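Only one structure is covered here, and it is reproduced in the block below.
The values are calculated or read from the model by the stated rules, or taken from the named source; none is laboratory data. Bear in mind the structure is a predicted one, so any value in this text is a computation, not a measurement. Cβ placement follows ideal geometry from the backbone for every residue including glycine, while neighbour counts extend to all protein chains displayed. Note: accessible area is taken over every heavy atom of the protein model, side chains too, but ligands, DNA and RNA are not part of it. Shrake-Rupley method; radii C 1.70, N 1.55, O 1.52, S 1.80 Å.
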Amino acid sequence: MIKEDADRPKSVHHSLNPSLLITGSKGRLAQAALPELEKIYSVRTTDISPSFPGDKDYHQADITHFAEVKPLLVGIDAVVHLAIASVRTFGPH
């Protein structure tokens, strides 16, 4: 059994479904997985791209900056990391 960390944020969800934070939610893999994940889990999504109309619990954030991600983790049980660094995002080196 895993001992709970006193500093770990407590879940704020009142549902029986575990909550997930999906990074890279505007990408192809996430877009394919989200419909199925949303059937089972309470899902919060994030990406560096702006939101679209109809996005549910979406938060634009740069996950390379922890200060932007930390508030998104409150009430989250697990993170599904699907974000990638791409030339489109960061430009050529």
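Looking across region 67-90, the residues that are under 13 Å from L21 (Cβ atoms) and either open to solvent by 60 Å² or more (accessible area, probe 1.4 Å) or touching a Phe, Trp or Tyr at 6+ places or on another chain (Cβ under 6 Å) (or both) come down to E68, K70, P71, V74, D77, V79, H81.
Against the conditions (1) basic (K, R); (2) modelled with pLDDT under 95; (3) open to solvent by less than 40 Å² (accessible area, probe 1.4 Å), K10 satisfies every one except (3). Contact map, region 25-52: first residue part of a helix (DSSP H, G or I), second residue open to solvent by 30 Å² or more (accessible area, probe 1.4 Å), Cβ cut-off under 6 Å, separation 6 or more or different chains; pairs are L29/L82; A30/L82.
When I40 is tested against (1) surrounded by 14 or more Cβ atoms within 10 Å (Cβ to Cβ); (2) hydrophobic (A, V, I, L, M, F, W, C); (3) under 14 Å from S19 (Cβ atoms), exactly one condition is not met: (1).
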